[in-house]
Structures are given as structure tokens and as C-alpha cells.
Amino acid sequence: MKNSNSNKPTPGQTPSPKELIQEIATLLDANKAEEITLINLEPVMQYESWFLIVSALSSAHLRKLSDEIYHMMKRQGELPGRTPNAADIESGWVILDYGNIMIHFFLPEKRSFYRLEQLWAKGEVTHWKEEA
């Protein structure tokens, strides 16, 4: 997916879910997240809804990635339905649920086991690769 500054909202304007998901993916990419996958679920759900699935290199990286997004969204006045805790990090799967955007942070073995991309393959799947 191409990251375009032309899609950025003007100051004071609330970003659309698509703009926000791109902003989140950009931040995750900058923090060395791996295999960033965006899934537009609108074709399946009949309303705008997104999954963002990423892999972390370690439990510490998993915590860092989820903390970065949690704080970015908090600055925008958004809080997830549930705040992740140490047990989530230990499990290898952290979820931040913002209603129409759900972010799944995985350790690679958990991501391979749960295969969310396959479960939601009827959505529009895009593999994020920021252009240099």
C-alpha cells in the first residue's frame, strides 16, 4: 500500500478509518513491525471496518509496538475497549479494539497458528510495504 500525504486530513479534521489505518501502519513500519497486513472488512461486514495484523520480533517488541499505537490513539482521544496487560504480552497476541479498527499484534508462532488473514480472506487484504 502506498503511503500518500495527499490523504492526510487537515488539522482539526478527524481522519477517516482508512487514513487512520495508514497512519498506524506507517508508525508500526517505523518501529520495525514485520508482515504488516491491512484487511478492509467492509465487503464482509457491510460497514467500514478494518483489521491490521502485525508480527513482532519478541515479547519486548510486542509490548513496544502495542504501547506505541495505544499512546498514538490516546493522543487522538481514542481508547481501546480493553487495555492490554502482561498476560496478553505473555500470550503472544495483543489486541487493540477501537470499534471500526482492530489491531492484532502477534509473535510469529501465534500468528501462524491463528491465521487471521485466512479467516478473513473475503475482505480486501493488502500487505503494507512503505515506499522508500
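The values are calculated or read from the model by the stated rules, or taken from the named source; none is laboratory data. Just so it is clear, the model here is predicted, and its values are computed rather than measured. So basically every Cβ, Gly included, is an ideal-geometry build from the backbone, and we count neighbours across all protein chains shown.
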Tell me which of these Ala87 doesn't satisfy, since it passes every other one: (1) at pLDDT 95 or above; (2) surrounded by 13 or more Cβ atoms within 10 Å (Cβ to Cβ). (2)
Quick check on my filter: what residues within the range 45-64 are under 18 Å from Ser112 (Cβ atoms) and either of a type in the set (Phe, Trp, Tyr) or assigned to a helix (DSSP H, G or I) (or both)? Phe51, Ser59, His61, Leu62
List the residue pairs whose Cβ atoms are under 6 Å apart, where the first residue sits in the range 5-24 and is under 23 Å from Leu65 (Cβ atoms), the second is at pLDDT below 55 and assigned to a helix (DSSP H, G or I), and the two are 6 or more positions apart or on different chains. Glu19/Asn7
Looking for whichever is in contact (Cβ under 8 Å) with a residue 40 or more places away in the chain, more than 23 Å from Phe113 (Cα to Cα) and within 15 Å of the chain's Cα centre (by Cα) here; the options are Glu42, Glu68. Which one fits? Glu68
Scan the range 99-131 for residues that are assigned to a loop (DSSP other than H, G, I, E, B) and farther than 16 Å from Glu23 by Cα and report the count. 7
Residues in the range 81-98 that are part of a loop (DSSP other than H, G, I, E, B) and farther than 18 Å from His71 by Cβ total 1
Residue under question is Ala30, and the condition is that it be out of contact with any Cys (no Cβ under 6 Å at 6 or more places or on another chain), closer than 28 Å to Ala121 by Cβ and free of Cβ contacts under 8 Å to residues at least 24 places away in the same chain; does it hold? yes
Which residues, taken from the range 95-132, are closer than 14 Å to Ala25 by Cα and either crowded, with 18+ Cβ neighbours inside 10 Å or among the aromatic types (Phe, Trp, Tyr) (or both)? Leu96, Ile101, Met102, Ile103, His104, Phe105, Trp128
Out of curiosity, is Leu57 in contact (Cβ under 8 Å) with a residue 24 or more places away in the chain and more than 17 Å from Thr26 (Cα to Cα)? yes
